[in-house]
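What follows is a single structure, written as structure tokens, with notes after it.
The values are calculated or read from the model by the stated rules, or taken from the named source; none is laboratory data. Just so we're clear, the structure is a prediction, and the values are computed from it rather than from any experiment. Heads up, the Cβs are rebuilt from the backbone with ideal geometry, glycines too, and the neighbour counts pull from every protein chain shown. Accessible surface areas use protein heavy atoms only, side chains included; no ligands, DNA or RNA. Shrake-Rupley method; radii C 1.70, N 1.55, O 1.52, S 1.80 Å.
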Amino acid sequence: MKRDSRLSSVLHALLHMAERDGPMTSEELATCMHTHPVVVRRTMGLLREAGLVRSARGPQGGWRISADLARISLRQLHEILGEPAIFAIGNRQEMPLCLVEQAVNAALDDAFAQAEALLLARLGEITLADLAADFSRRFAGRREGKT
């Protein structure tokens, strides 16, 4: 089953950008995201429209974060990316005539809705600053030989 990894890729790229003193080019970001620079430019364009990044052209150009990491939640990024489906499973038929399948669908729809609401609420509580702090702790632990 193919999973949508856009949120993970964007988080990865943004954290690399946060650690960098200067801008990152689309080519550098494409390398860290394992994608093509065109995909990076399209994705960063969405983030620029949302006011989270900015870009500059020229020899010293590239992408930079323009928002406070503590104000960017994972849920906000999920929404910017077009709210990709949370779950890859679903009903066999959306409008079944069979009463048994209708009962199955109702139970699954309710469970999925509750789980999605819980997950989206949690994503709203986690910020890029939280992830950056976790990275810093992990990096410090590696330097001290604890990993």
Spelling it out for ILE126: with amide H atoms placed in the peptide plane at 1.01 Å from N, the residues 5 or more places away or on another chain with amide H under 5 Å from its amide H are LEU74, ARG75
If you place +1 on the Cβ of every Lys and Arg and -1 on the Cβ of every Asp and Glu, how big does the dipole about the Cα centre of region 3-49 come out, in debye to the nearest 20?
200 debye
Calculated from the structure, P(r) over Cα pairs in 10 Å bins from 0, in percent equals which of (1) 10, 32, 28, 17, 9, 3, 0; (2) 11, 42, 40, 7, 0; (3) 10, 29, 13, 11, 18, 14, 4, 0?
(1)
Counting only protein heavy atoms and using a 1.4 Å probe, what share of the accessible area of the chain belongs to carbon plus sulfur, as a whole percent?
54 percent
Tell me, how many Å apart are the Cα centres for region 79-113 and for region 1-40?
31 Å
Distance-filtered residues of region 79-99 - backbone nitrogen under 19 Å, label point 7 angstrom along ALA121 Cα→Cβ
79, 86-87
Dipole magnitude of the chain, debye to nearest 20 (Cβ charges: Lys/Arg +1, Asp/Glu -1, about Cα centre)
720 debye
Spin-label point model (7 Å from Cα, Cβ direction): what's the GLU27 to LEU108 distance in nm?
4.7 nm
Just to confirm, what accessible area per residue do you get for the chain at 1.4 Å probe, in whole Å²?
68 Å²
Neighbour count of at most 15 Cβ within 10 Å plus DSSP loop: longest GluC sites (Glu not before Pro)-free window in the chain:
1-93
With the dipole of the chain defined by +1 on each Lys or Arg Cβ and -1 on each Asp or Glu Cβ, the option from GLY145, LEU14, GLY90 whose Cα lies farthest towards the positive pole is GLY145
Considering the options ILE80, GLN60, MET33, tell which one lies farthest towards the positive end of the dipole of region 1-113, charges being +1 on Lys and Arg and -1 on Asp and Glu at the Cβ, about the Cα centre.
GLN60
Rounded, prolate or oblate: which fits region 12-73 when a ≥ b ≥ c are the square roots of the eigenvalues of the alpha-carbon gyration tensor, with rounded for a/c under 1.5 and prolate only if a/b beats b/c?
rounded
